[in-house]
Amino acid sequence: MSARGHPSPHPAPALFEPARDAGLTPSILPKNPEDLTHVILGEAARFLDAHPELKSPRALVDAWNLFRNRSRTFLLDDFGYDEVAARPWAELFDFLYTVWWRVTLNGVENVPNAGRALLVANHSGVLPWDGAMVKRGIAREHAAHRTARMLVLDMFTTLPFLQPWLRHMGEVRACPENGARLLERDELVGVFPEGVKGVGKLFRDRYRLARFGRGGFVRLALQTGAPIIPVAVVGAEEIHPNLARMDFIGKPLGLPYFPLTPTFPLLGPLGFLPLPTKWWIDIGKPILFDHGPEVADRPMIVNELADRVRSTLQTMIDSRLARRGSVFTGD
Amino acid sequence: MAGKAGVKAARPRRNGSGGRVVHFPRVEETPAKRLKVVVTGGSGFFGERLVRALLARPDREVVVFDLVPPGDLLEVRHRFLDLNLPFADGTLFKLLKEEKPDAIVHLAQLRSPSHHATYAHELNAIGALHVFAAAGEARIPRILLGSMSLVYGARGDNPNFLTEEHPLRPDPQDRFVGDFVEAESHARTHARRHPETRVQILRFVPLLSPEVRDYRARLFAAPFSWQLLGYDPLVQALHPDDAVDALVRALDRPEAQGVFNIAPEGVVPLSTVRLLFGSLGVPVPHPLGYALYEAAWLAGLGVMPGVHAHYLRYSCVVDDEKARRVLGFSAKHTTLEVVLETARARFGSGRLVDFDAVADVARAARHAYEQRVRARPRAAAQGVAS
């Protein structure tokens, strides 16, 4: 090569002729510089030649990334619901549903086979297992095996590990925009209007419905024309009997409540194990308001409608409680 | 057809070509006036693409205001403008008085965080102030401001899809995003002071294509990056062609004022972006993650300041429903397609990822979107400005 980068027809004679060209001393250096990698890498280079898909250094990262994402798919819906990733978890929920809590589901035929509907359920149990069981029950026993999309409290959707997991399971953050968007797509949406007041309820207040938020669920139903389906969950109040709220611990940790149960925090991680009570999930007849979407901007009527749903749900809970015997066996 | 002939007749005669002068027959109707568009930052990555798209249209005339002429586009009129000078608004006013454009498209912005924070602030925030000040004095009837979807801020309590009415809540420490928020506030003030002018703000989802080299593309393409442990936000990526298409459509619809989110169909988790790019996400607890991004940024090795790592923690996904309805915009590439094609073009060989299989999935997803969009009732709402 000349200084200008073009190969010169007459290469300048080298000042020092390499010994290997004279054939005096054998060199391990190959004549062809491309074979140098083979000398250095040996068997590994031959392996890479046989497997061109591993040529890039990123192939190593790929192996790890593919392993990490082995149960996921690329086919997500707009909220990040991954049907395939959610499937293995069904086994855990089935165990809880059939063995641990022996759920009895009544009135599943009240859930429409297609089209939008808003499930409104009472919330309880410190940890939101009731949502998981309502969802699993409908997926198991409904004729169309519909997937209910549960609207989940902020405090769960922003926690590390829970954020991506809940998304894969198909849950979305509870806010009016998300609810309306899901209902507009004719999904089955589940809400717990009591919110954090319900899930962190004290044991002595069990089965007494807390305030139903600000009536956002009624506004949602009015705006989208979705029927409201009341769902009464009985049995979930006793899985973590919340004896007292130790907010002096919870507040500095940024938690909305910190429960004191017979097992938590006394037994440490064992305290997260819910008690095996007997559950009933009663699904009531759909409530369809005879108001138009314009009523959504009239808070007094919205509040009245919310109260009507609340009393319907309270009646359903009370009638089930009256027929219930033991908390654990149900007889 | 008559309109086309009219345009031909209006073209100025070439001088000094030495050829025969052709006299076109006079057309009775007056030729449609060409809309004269000034593109600030028309030599940048984004601006140059817009200029090329406008050159292809016979009913548009383009003038570029920038530091340098746009690449090899010799036929484009270029005027020197440095928005960083303290009295750039006066210079710009004189230029606007000479050019008398019908619309300004303001794209002279840095679209990556800069170590020269003052320079970036002067250009992105104060530059917009200059543009609106000069445009107000020169009575320019229309201004388009290119903004970005990150102005909503990544927050845990964001709805999954942010609409234009949602308040802008970026982290106050995030100066890069804050400058775009300030530019938008100047646009709103301008619209209030001059009710007769039409202001359009287009909030673009961050661009991605094999050619894009902004901080986000560099982060995705890095061999490794810190992953905030236990967080995996959903991200969107917009193809530059779609962004240009949105700008062209916004120019076509002067009656459509206000803010528009410009977004593609579909979302992709950050982990999937890393998977397709073959980038290793090193998991670190999120407080440490912020610190590591900040440390790398201060050391000159990172792509963004630590505070911007919010966007690797929470989703900031926008809804393009209004742009579809009012502008008639619909992105031709889905997010998954953009990420996939970028990853394949840049790091496609010698990989374990089966890009063809992913492409099949992307095609299936696109089909699902098209089905859904067709099912939605939209005909009644066409052309409604809000």
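The values are calculated or read from the model by the stated rules, or taken from the named source; none is laboratory data. Just so you know, these numbers come straight off a predicted model, no measurement behind them. For neighbour counting, all protein chains shown are included, and Cβ atoms are generated from backbone atoms with ideal geometry for every residue, glycine included.
Assorted remarks:
- Qualifying residues in the range B:310-358 (those that are more than 11 Å from chain A (Cβ to nearest Cβ), surrounded by fewer than 24 Cβ atoms within 10 Å (Cβ to Cβ) and among the small types (G, A, S)) - the one farthest from A:V172 (Cα to Cα): B:A345
- Residues satisfying the stated conditions in the range B:125-143, i.e. crowded, with 24+ Cβ neighbours inside 10 Å and not small (G, A, S): B:H130, B:V131, B:F132, B:I143
- Those residues of the range B:110-162 which are more than 14 Å from chain A (Cβ to nearest Cβ) and of a type in the set (D, E), in sequence order: B:E122, B:E137
- Scanning the range A:204-218 for residues that are at pLDDT 90 or above and in contact with a Pro (Cβ under 7 Å, 6 or more places away or on another chain) yields a count of 2.
- Considering the range A:77-172, the qualifying helices (runs of 4 or more DSSP H), each wholly inside and each with 2 or more residues that are among the basic types (K, R) and under 30 Å from B:G230 (Cα atoms), run over A:129-141.
- For the range A:311-319, the condition holds for no residue, the condition being that it is over 29 Å from the mean Cα position of the chain (by Cα), modelled with pLDDT of 90 or more and not in a helix (DSSP H, G or I).
- When B:G302 is tested against (1) within 26 Å of the chain's Cα centre (by Cα); (2) within 23 Å of B:F224 (Cβ to Cβ); (3) in contact (Cβ under 8 Å) with a residue 40 or more places away in the chain, only condition (3) is not met.
- Test result for B:Q200, surrounded by 23 or more Cβ atoms within 10 Å (Cβ to Cβ), within 14 Å of another protein chain (Cβ to nearest Cβ) and within 14 Å of the chain's Cα centre (by Cα): no
Okay, residues lined up against (1) at pLDDT below 95; (2) basic (K, R); (3) over 29 Å from B:A364 (Cβ atoms):
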site: A:P57; (1), (2), (3): yes, no, yes
site: A:L75; (1), (2), (3): yes, no, no
site: A:D78; (1), (2), (3): yes, no, no
site: A:T98; (1), (2), (3): no, no, yes
site: A:V103; (1), (2), (3): no, no, yes
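Here's the yes/no breakdown for (1) surrounded by 14 or more Cβ atoms within 10 Å (Cβ to Cβ); (2) among the basic types (K, R); (3) closer than 30 Å to A:R140 by Cα:
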site: A:P241; (1), (2), (3): yes, no, yes
site: A:F248; (1), (2), (3): no, no, no
site: A:G254; (1), (2), (3): no, no, no
site: A:R320; (1), (2), (3): yes, yes, yes
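- When the residues of the range A:173-184 are filtered to those that are outside any helix (DSSP H, G or I) and free of Cβ contacts under 8 Å to residues at least 24 places away in the same chain, the one that is nearest to the other protein chains (Cβ to nearest Cβ) is A:R173.
- Candidates A:M169, A:M246 - the one that is more than 14 Å from every other protein chain (Cβ to nearest Cβ) and of a type in the set (A, V, I, L, M): A:M246
- Selection count, the range A:256-267, where residues are under 24 Å from the mean Cα position of the chain (by Cα) and surrounded by fewer than 22 Cβ atoms within 10 Å (Cβ to Cβ): 3
- Extreme residue, nearest to the other protein chains (Cβ to nearest Cβ), among residues of the range A:64-76 that are surrounded by 19 or more Cβ atoms within 10 Å (Cβ to Cβ) and not in a helix (DSSP H, G or I): A:F74
- Filter result (more than 21 Å from the chain's Cα centre (by Cα) and either more than 14 Å from every other protein chain (Cβ to nearest Cβ) or of a type in the set (G, A, S) (or both)) within the range B:238-290: B:S271, B:G278, B:S279, B:G281, B:G289
- Matching option when the condition is farther than 30 Å from B:L312 by Cα, out of contact with any strand residue (DSSP E or B) (no Cβ under 8 Å at 6 or more places or on another chain), away from chain B (no Cβ under 14 Å) and at pLDDT below 95, among A:G115, A:G125: A:G125
The rows are residues; the columns are (1) closer than 22 Å to B:G266 by Cα; (2) at pLDDT below 95.
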| position | (1), (2) |
| --- | --- |
| B:D102 | no, no |
| B:T118 | no, yes |
| B:H121 | no, no |
| B:A134 | no, no |
| B:Y152 | yes, no |
| B:T163 | yes, no |
| B:R188 | no, no |
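- A single member of A:E294, A:E237 is acidic (D, E) and free of Cβ contacts under 8 Å to residues at least 24 places away in the same chain, and it is A:E294.
- Scanning the range A:158-187 for residues that are touching a helix residue (DSSP H, G or I) at 6+ places or on another chain (Cβ under 7 Å), more than 22 Å from A:A221 (Cβ to Cβ) and surrounded by 18 or more Cβ atoms within 10 Å (Cβ to Cβ) yields A:Q163, A:L166, A:H168, A:M169.
- Sole residue being basic (K, R), within 18 Å of A:E83 (Cα to Cα) and crowded, with 22+ Cβ neighbours inside 10 Å, chosen from A:R149, A:R140: A:R149
- A:R87 vs. criteria more than 14 Å from chain B (Cβ to nearest Cβ), more than 30 Å from A:Y257 (Cα to Cα) and basic (K, R): yes
- Just one of (1) part of a helix (DSSP H, G or I); (2) within 14 Å of chain B (Cβ to nearest Cβ) fails for A:P256. It is (1).
- Members of the range A:51-63 found to be more than 7 Å from chain B (Cβ to nearest Cβ) and either of a type in the set (A, V, I, L, M, F, W, C) or under 23 Å from the mean Cα position of the chain (by Cα) (or both), listed by number: A:L60
- Taking the criterion of being surrounded by fewer than 17 Cβ atoms within 10 Å (Cβ to Cβ), among the small types (G, A, S) and farther than 29 Å from A:T157 by Cα, no residue of the range B:203-233 qualifies.
- Annotation: of all residues in the range A:188-213 being buried (at least 24 other Cβ atoms within 10 Å of the Cβ) and β-branched (V, I, T), the one that is nearest to A:W129 (Cα to Cα) is A:V199.
- Which numbered condition A:N303 misses (of (1) touching a Lys or Arg at 6+ places or on another chain (Cβ under 7 Å); (2) modelled with pLDDT under 95; (3) in the same structural domain as A:A117 (by TED's automatic domain parsing)): (1)
- Sole residue being within 28 Å of B:L298 (Cα to Cα), among the polar types (S, T, N, Q), in a helix (DSSP H, G or I) and in contact (Cβ under 8 Å) with a residue 24 or more places away in the chain, chosen from B:N84, B:N124: B:N124
- The listed residues are B:E184, B:E165, and the only one of them that is away from chain A (no Cβ under 14 Å) and acidic (D, E) turns out to be B:E184.
- All of A:A232, A:A210 fail the test of being in a loop (DSSP other than H, G, I, E, B), over 21 Å from A:V295 (Cβ atoms) and among the small types (G, A, S), apart from A:A210.
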